[in-house]
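Structure first, then comments.
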Amino acid sequence: MMRKQQWGLYIHIPFCRQKCFYCDFPSFAGRERYEADYTDALCRELAVQGVLCREKWGSPRTIYMGGGTPSLLPTGLLEKILQAIADVFGDAADREFTVECNPGTVDAAKLRVLRAGGVNRLSFGVQTFDDTLLKKIGRIHTGAQAREAMALARAAGFHNVSMDLIYGLPGESLAELERDLEAMVALEPEHISIYGLQLEEGTAFAKMQEMGRLMLPDDDTVERMYDTMTAFLPAHGYARYEISNFAKPGFESRHNLSYWQDVPYLGVGAAAHSYLEGQRYENVQEIPAYIEGIRTGKGVRRQEETMTREIAMEEFAFLALRTARGIDRARFERRFGVPLEAVYADAIAKLKRQGLLEADEAGVHLTPLGMKYGNMAFEEFLL
């Protein structure tokens with residue numbers, strides 16, 4: 001028997017033209033030979049797992065196609081995936097459907113196909129408009145292509161576009177970041193995500209750092225960059241609704257908000273993660289193993305660590321605290337059967353004294369200082 005419930009669908013496209021030097025996501029360059037077989041496997045997984053979720057909960061409220069670089073797929077394969085989604089879930093006027101795009105891999109025809117296939121939101125990985133910096137971080141597009149991508153998106157009928165910006169790049173100055181901010185808001189995207197450069201193990205940048213070949217801005221400069229962005233974007237009409245995300249009113253990412261609000265989601269594709277019935281799962285990462293697992297029916301999903309009550313509480317707190325709204329007392333008590341303070345009174349009191357947390361009748365949320373030093377706050381919610 002179906003019980004209507006909000007849920008989301010994530011679709012992973014692991015292909016990219018070139019691995020960015022900072023990227024530790026499960027994405028692969030030079031695997032184009034697998035694209036057609038991968039698409040077939042993805043559509044088969046969607047037909048099985050998607051139908052199971054639809055029969056339980058109805059159609060997903062949000063769909064997010066990420067990668068990798070989904071826009072790198074040939075148009076015919078994208079059309080096949082979009083048709084599979086329509087076959088399983090039909091149309092929904094109020095569904096948010098996002099596709100990640102590299103500005104160097106879109107053209108007018110591909111964007112028209114996406115729009116006709118029900119996609120109504122694009123997320124462009126711009127990162128910076130400075131061509132020298134783009135080359136330094138391994139991006140394949142130029143600043144001019146980023147501007148052109150936005151023009152093409154508007155012409156194709158997209159009225160909800162997000163752009164990503166990374167700060168703290170090798171050799172980047174505060175003045176260069178300020179130019180990026182000016183350039184981005186001039187294009188008037190509805191949504192902007194900001195990320196500080198992280199050196200992740202196994203990436204090209206991590207290896208360069210070990211060899212002493214990576215010159216990054218010092219900590220004081222990075223802090224000034226953060227302060228500049230978090231002041232600049234609200235002053236230009238982008239409200240901060242999550243630690244890394246800013247949006248014009250009504251254009252918050254509904255899919256990402258569902259992650260932070262304990263909403264279940266199904267992940268399909270290699271390395272995709274799912275959160276279903278209170279447990280977390282992940283699909284096999286390697287593309288050939290994924291294709292073979294779907295083709296033979298052996299399966300591709302395994303459960304991550306068993307979700308204990310304590311882990312569930314920690315995750316609920318961490319994820320909710322990322323948002324401007326924070327932890328909702330009523331939702332916490334409905335979920336766990338105990339008041340928030342019964343579990344976290346000491347943590348809340350300590351963080352309030354430190355100026356990192358504010359509390360009211362509705363719940364608790366990070367202050368601007370708390371958002372800046374989020375990891376310090378999150379640690380206090382470990383049980």
Quiz prompt | Residue count, the stretch 1-28 (criterion: modelled with pLDDT under 80 and within 21 Å of Asn102 (Cα to Cα)) | solution = 12
Practice problem: All but one of (1) out of contact with any Lys or Arg (no Cβ under 9 Å at 6 or more places or on another chain); (2) not in a helix (DSSP H, G or I) hold for Ala175, so report the exception by its number. | Solution: (2)
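Residue-by-condition table, conditions (1) buried (at least 17 other Cβ atoms within 10 Å of the Cβ); (2) farther than 30 Å from Arg95 by Cβ:
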site: Lys135; (1), (2): no, yes
site: Ala153; (1), (2): yes, no
site: Ala156; (1), (2): yes, no
site: Ile166; (1), (2): yes, no
site: Leu187; (1), (2): yes, no
site: Glu190; (1), (2): yes, no
site: Phe205; (1), (2): yes, yes
site: Met208; (1), (2): no, yes
Quiz item: Which of (1) under 19 Å from Thr98 (Cα atoms); (2) of a type outside the set (D, E, K, R); (3) in a loop (DSSP other than H, G, I, E, B); (4) out of contact with any Leu (no Cβ under 9 Å at 6 or more places or on another chain) is the odd one out, the single condition Leu257 does not satisfy?
Solution: (3)
Quiz item: Of all the residues that make up the stretch 304-355, how many are of a type in the set (Gly, Ala, Ser), farther than 21 Å from Met371 by Cβ and exposed (fewer than 15 other Cβ atoms within 10 Å of the Cβ)?
Solution: 4
Quiz item: Is it true that Glu182 is over 19 Å from the mean Cα position of the chain (by Cα) and modelled with pLDDT of 95 or more?
Solution: yes
Quiz item: Does the stretch 70-85 contain at least one residue that is among the hydroxyl-bearing types (Ser, Thr, Tyr) and either more than 19 Å from the chain's Cα centre (by Cα) or part of a loop (DSSP other than H, G, I, E, B) (or both)?
Solution: yes
Self-check item: Subset of the stretch 116-150 (residues that are within 30 Å of Gln83 (Cα to Cα) and of a type in the set (A, V, I, L, M, F, W, C))
Solution: Ala116, Val119, Leu122, Phe124, Val126, Ile140, Ala146, Ala149, Met150
Quiz item: Is it the case that some residue within the stretch 162-176 is in the same structural domain as Leu133 (by TED's automatic domain parsing) and without any contact (Cβ under 8 Å) to a residue 40 or more places away in the chain?
Solution: yes
Practice problem: Check the stretch 353-360 and report whether any residue there is touching a Lys or Arg at 6+ places or on another chain (Cβ under 8 Å) and part of a strand (DSSP E or B). | Solution: yes
Self-check item: Candidates Thr75, Thr62, filtered to the one that is of a type in the set (Ser, Thr, Tyr), crowded, with 20+ Cβ neighbours inside 10 Å and in the same structural domain as Phe158 (by TED's automatic domain parsing)
Solution: Thr62
Exercise. Name every residue in the stretch 97-125 that is surrounded by fewer than 21 Cβ atoms within 10 Å (Cβ to Cβ), within 20 Å of the chain's Cα centre (by Cα) and either within 22 Å of Ala271 (Cβ to Cβ) or among the acidic types (Asp, Glu) (or both), in order of residue number.
Key: Glu100, Thr105
Self-check item: Matching residues, the stretch 113-163, being over 23 Å from Met229 (Cα atoms) and either among the acidic types (Asp, Glu) or part of a strand (DSSP E or B) (or both)
Solution: Arg121, Glu148
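The values are calculated or read from the model by the stated rules, or taken from the named source; none is laboratory data. Predicted model only: the values in this text are computed from it and were never measured. Note that we place each Cβ from the backbone using ideal geometry, even for glycine, and neighbour counts take in every protein chain shown.
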